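The values are calculated or read from the model by the stated rules, or taken from the named source; none is laboratory data. Keep in mind that this is a model prediction, so the values were computed, not measured. Note that each Cβ is placed from the backbone with ideal geometry, even for glycine, and that neighbours are counted across all protein chains shown. Please note that ligands, DNA and RNA were not included when accessible areas were found on the heavy atoms of the full protein model with its side chains. Shrake-Rupley method; radii C 1.70, N 1.55, O 1.52, S 1.80 Å.
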Amino acid sequence: MVASLEERQVYGEMMAGARQKVLITGVGGMLGTDLAEILKNDFEIIGLDKKPAPHLGRPIEICDLLQERKLRDVMLAHQPSVLIHCAALTDVDYCEEHPEEAKAQNVEATRNLVVLANELDVPIIFFSTDYVFGGTREGEYLEDDTGKPLSVYGRTKWEAEELIRSTAKRAALCRISWLYGVYGRSFPRAILGQTESVRNIRVVSDQTGRPTYTKDVAGAILRMLSEKKEMVFDSGVRMYHISNSGQVTWAGFARFILEKLGRSDVTVEEISSRELNRPAPRPYNSVLSLKKTESALGIQFRPWEDAVADFLVELADTKKKEAAKAQEKAEGDPQ
Ligand SMILES: NC(=O)c1ccc[n+]([C@@H]2O[C@H](COP(=O)([O-])OP(=O)(O)OC[C@H]3O[C@@H](n4cnc5c(N)ncnc54)[C@H](OP(=O)(O)O)[C@@H]3O)[C@@H](O)[C@H]2O)c1
């Protein structure tokens with residue numbers, strides 16, 4: 001049984017001073033990991049993913065969002081105050097070739113979560129993407145612009161957006177773009193991987209966007225939840241764009257990474273999207289306007305170059321720590 005709103009209000013009063021519970025889906029992924037890390041000092045985190053995430057160093061709920069019954073049990077057991085929905089099928093080319101799976105993971109899983117959020121009367125923070133847009137616009141895309149997705153991934157995320165706009169009682173719908181972080185697959189990590197074996201990297205130069213560090217997204221969400229609560233908790237659905245500022249092509253992004261690493265021995269060869277010939281088409285321009293979110297949050301997002309510089313330092317640090325741990329384990333293991 002779901003506790004009534006009144007019951008939960010009384011409970012909330014009894015628990016005054018207790019930390020609010022935040023449930024994060026896809027907590028083992030790139031964004032979920034940094035959200036859990038950044039929010040953990042101020043909130044009680046309930047992590048949920050469909051497989052274990054040992055790198056988090058904390059227990060999580062193992063649950064596929066498509067398992068409605070199990071998901072309901074998890075929600076009722078924890079009664080979170082807010083849901084942060086990071087889980088999705090994010091491999092854009094895989095989605096193109098597996099449209100039904102993409103629809104299930106990105107739309108139906110979201111539907112299951114929204115039903116429970118409405119029932120528990122808690123807000124949901126949903127992450128969408130710049131790939132909901134067609135990319136032919138000259139300037140920046142605004143929150144209220146109509147989606148014109150080119151790919152299966154973009155279409156399923158747009159469908160999930162529409163579902164939230166039409167059914168969620170309380171939601172913050174946050175579009176993010178060109179996301180990268182220390183955990184998981186991302187463009188900077190792919191570039192770094194390539195430098196280990198090749199001296200010439202072919203990168204597309206006809207797509208422009210705003211690279212975004214997971215830590216900066218997590219920082220914006222922390223601010224929403226702690227200082228700008230109305231952005232999340234007010235009734236209705238609000239749309240926000242979150243990314244670092246500035247804009248660049250993928251080739252420019254790659255060149256900047258190599259420059260920062262002092263890898264003048266590796267060159268970037270500019271190619272067109274047509275030459276790269278990936279299964280899923282991508283928008284040529286997917287620069288998201290940040291004005292509305294910056295004004296609501298009362299901050300300015302930092303330039304993408306500063307965020308990438310921090311990311312490279314943190315990545316090197318993390319790799320060093322992982323290597324030291326592996327060494328320790330090897331030395332401690334009996335022969
Ligand atoms: N990555 C980007 O460039 C980008 C750009 C714009 C917006 N976004 C959006 O930002 C959000 C976070 O992206 P991300 O890159 O952090 O994702 P990610 O690294 O792919 O992590 C997603 C996590 O969710 C899990 N998951 C997927 N389906 C699930 C289900 N049905 N039930 C439970 N767990 C499930 C995944 O498990 P498996 O790995 O086992 O599938 C994975 O651990 C997503 O909504 C994405 O659409 C991402």
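Remarks
- Number of the condition not met by residue 121 [criteria: (1) surrounded by 23 or more Cβ atoms within 10 Å (Cβ to Cβ); (2) more than 9 Å from the ligand (Cβ to nearest atom); (3) closer than 29 Å to residue 46 by Cα]: (1)
- Reported count of residues in segment 131-164, each being surrounded by fewer than 15 Cβ atoms within 10 Å (Cβ to Cβ) and not polar (S, T, N, Q), is 5.
- Test result for residue 150, aliphatic (A, V, I, L, M) and within 13 Å of residue 168 (Cβ to Cβ): no
- The set of residues in segment 178-227 that are within 11 Å of the ligand (Cβ to nearest atom), assigned to a helix (DSSP H, G or I) and open to solvent by 20 Å² or more (accessible area, probe 1.4 Å) contains only 187.
- Per-region count, segment 228-245, residues within 19 Å of the chain's Cα centre (by Cα) and in a loop (DSSP other than H, G, I, E, B): 2
- Top-ranked residue in segment 52-109 [being part of a loop (DSSP other than H, G, I, E, B) and open to solvent by 80 Å² or more (accessible area, probe 1.4 Å); ranked as farthest from the ligand (Cβ to nearest atom)]: 59
- Qualifying positions in segment 266-322 - in a loop (DSSP other than H, G, I, E, B), modelled with pLDDT under 95 and open to solvent by 80 Å² or more (accessible area, probe 1.4 Å): 277, 278
- Yes/no for residue 175 being more than 20 Å from residue 274 (Cα to Cα), within 15 Å of the ligand (Cβ to nearest atom) and assigned to a loop (DSSP other than H, G, I, E, B): no
- Residue count for segment 19-32 under the criterion of being under 21 Å from residue 177 (Cα atoms) and either small (Gly, Ala, Ser) or more than 8 Å from the ligand (Cβ to nearest atom) (or both): the result is 5.
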